[in-house]
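See structure below.
Every number in this text was worked out from the coordinates using simple rules, so none of it is lab data. Since the structure is predicted, the reported quantities are computational estimates derived from the model, not experimental observations. So basically every Cβ, Gly included, is an ideal-geometry build from the backbone, and we count neighbours across all protein chains shown.
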């Protein structure tokens, strides 16, 4: 059965469920009315508050907002969030599930177990420690919150740039559910659904499942394999037990599996004079001439001139299995409340890539990447002083262990890098808000974190196939099989840090609040695990720290028709960690100091009945102010990676009321991102681009919805990833965007 027939069959199979659902009770959802903006509740301060009552720079999107914008994965949130960049592939990763996230100019491009992200990702309050597997599909999500600036007091480790918090929908009180099918370009098929089942008045269950299948879009000319495909299945099961009015237990199990063809990399530049390209052309290519002719030589003949084609032939794949368990227990006491979040997560993945983009073997990599993590958080929350003060006291424990078995093949020699990592973190935190008057409130918080990281490198030569004459080649490029590239033995680093925060907020009127905040944050140090040629010791890097000063306002007016939120900030950035290309392998270094300043402004407006206009703008001015004498690969004039000076977005929609026939809502979304570099070396750059998305949504009633949408309406080609190893390997690679794509979604609720 071909994929087109499968789509029709799948939709037909769902029709009985959808038809039966039409007579059921409609699920109650928070939808934007014709007359007022949707109210959004956030938990940025570990308690439920209205978005406009929270003195933090936040972009928050509800489930209805995600659906209207056709946002189905985490990376797409960056198109509607000022000063947020999410590149869909990390440097030197063949994984198709590994984002590189930057917020206000702070983030991380690498994915290794020794290098932590700079923006924390949380799902239902649980920290996702690794970027591998973190390009999350947004399935049955209640809301997404993007918190800008250090969140070190309440969220803790490695939220130096901010955090992305995803909250899932809990089981409903009544029997209800949702079924959805999407078909579209590139044989796109998404089947998803969820069902809530009240087992008793005290026990409720929910099951959510999604399967996504879509062809890749970068074609290997040798065998027709399409890279960048989607082939994933996710499952989540939840139980909510409330034995008393004061006590509840929320248990969640989730599982995701993906079997995909690998990251869609395309060759854009070749330096045949680079050492590894030259070694191949001098010592290997002559033996291949009888069968390959001139194709035996590595040069620009393998640049296809089309970013959507590659001449690579090495095995490429991206396999992922990740699962987790989470138990949240809450007790509402007379004096204070207690909340416990216990979580375990496990990931097994294998991925590979063809680095040289040719049928030759200049560079090929493969990773067996595994880790598991356990975390335990206990929160005590209370109020006092006639409800003028609220406070939270918390304890946190985190541990993870993992192994990255990374094989790198340069043709004339191949070697293994990576090793085993064990990380532990202990923390205690306290934060309180005191209402000095009915208008003025003061918030203060403090966290202490103690962390250790242990790394046992496993880095050695597997095989040198071609001996090199010396001279002209340096002696350190010749090896013996089994030779260690760093000494055996475990290395360790650790840190203990205090991270304070203080905030003043003033409620001028019911609809206008201003605030000012000082906060500190830090990100853990670590080790460089990719080592070639041999070194006497494992390179390490120290923690990085920020001091951030921020002022902002939040305004609501026009009888609920307008929201206008703005913030301006200054960041003093010390010991920042940058991943630079030094010789063969990317190396993380502390690059001394930088300063980042900028602002965000976001508006939602209903100018007339049934019309909504959204607008957002972000500005970043980031620069290095001092460099360590030992830092190589960057200068004071270098630009920080993943950082656009300008990010803008806008949208307009109008609801046409068709009476008893429902409503039709056309919508147009626009976003703009100015130029930015993918790496700290400033070798690979995206020049900046505009994107247009359009949709037409038909709601028959509260139960039925049909949406037709087009993404990248103008068929723009832009880059989502880039890396250059022109010296010494001899190549540069990019990941292009998908071209124009369309889809139709049919959904029903019951």
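Here the ratio of the Cα radius of gyration of the stretch 85-184 to 2.2 N^0.38 Å is 1.21. Full extension of the chain between residue 323 and residue 378 gives 17.5 nm of extra length, using 0.36 nm per residue less the Cα-Cα distance.
Can you give the FRET efficiency for residue 251 and residue 437, using 1/(1 + (r/R0)^6), R0 = 51 Å, r = Cβ-Cβ distance, to the nearest 0.05?
Working: r = 43 Å, r/R0 = 0.84.
Approximately 0.75, to the nearest 0.05.
Spin-label pair residue 700-residue 389: with each label point 7 Å from Cα along the Cα-Cβ axis, the two points sit 5.8 nm from one another. One Cα centroid belongs to the stretch 249-284, the other to the stretch 127-206; the line between them spans 29 Å. Inter-label distance, residue 630 to residue 514: 4.6 nm, where each label sits 7 Å from its Cα along the C-beta direction.
The mean of 1/r over all pairs of different alpha-carbon atoms in the stretch 238-354, once inverted, gives a Kirkwood hydrodynamic radius of 19.6 Å. With Cα atoms defining each centre, the stretch 511-548 and the stretch 638-679 are spaced 31 Å apart in the structure.
Using only the Cα atoms of the stretch 277-334, what semi-axes does the equivalent ellipsoid have when each is the square root of 5 times a gyration tensor eigenvalue? Give whole Å, largest first. Present the calculation step by step, with values, prior to reporting the outcome.
On the way: eigenvalues 588, 42, 25 Å².
Working through the eigenvalues yields semi-axes of 54, 14, 11 Å.
Put in order of Cβ neighbour count within 10 Å, fewest first, the listed residues 508, 391 become 508, 391. Take the Cα radius of gyration of the chain and divide it by 2.2 N^0.38 Å, N being the number of residues; the result is 0.97. Rounded to the nearest 0.05, what FRET efficiency is calculated for residue 717 and residue 744 with R0 set to 35 Å and r the Cβ-Cβ distance? It comes to 0.90.
What's the angle, to the nearest 10 degrees (0 to 90), between helix 3-21's Cα axis and the longest principal axis of the chain? Value to nearest ten degrees: 20.
With Cα atoms as the point set, the stretch 350-395 shows a radius of gyration and Dmax of 25.7, 74 Å. Can you give me the distance in nm between label points at residue 47 and residue 664, each placed 7 Å from the Cα along the Cα-to-Cβ direction? Distance between the two pseudo-spin positions: 4.8 nm. Listed from fewest to most Cβ neighbours within 10 Å, the set 635, 519 follows the order 635, 519. With the biggest extent put first, the Cα atoms of the stretch 52-119 measure 39, 28, 17 Å across the principal axes. As a rough footprinting exposure proxy, the listed residues 136, 84 were ranked by other beta carbons within 10 Å of their own, and the order from fewest upward is 136, 84. Mean projection of the Cα convex hull over all viewing directions, computed for the stretch 672-750: 7.6 nm². Spread over its residues, the convex hull of the C-alpha atoms of the stretch 394-514 is 195 Å³ per residue.
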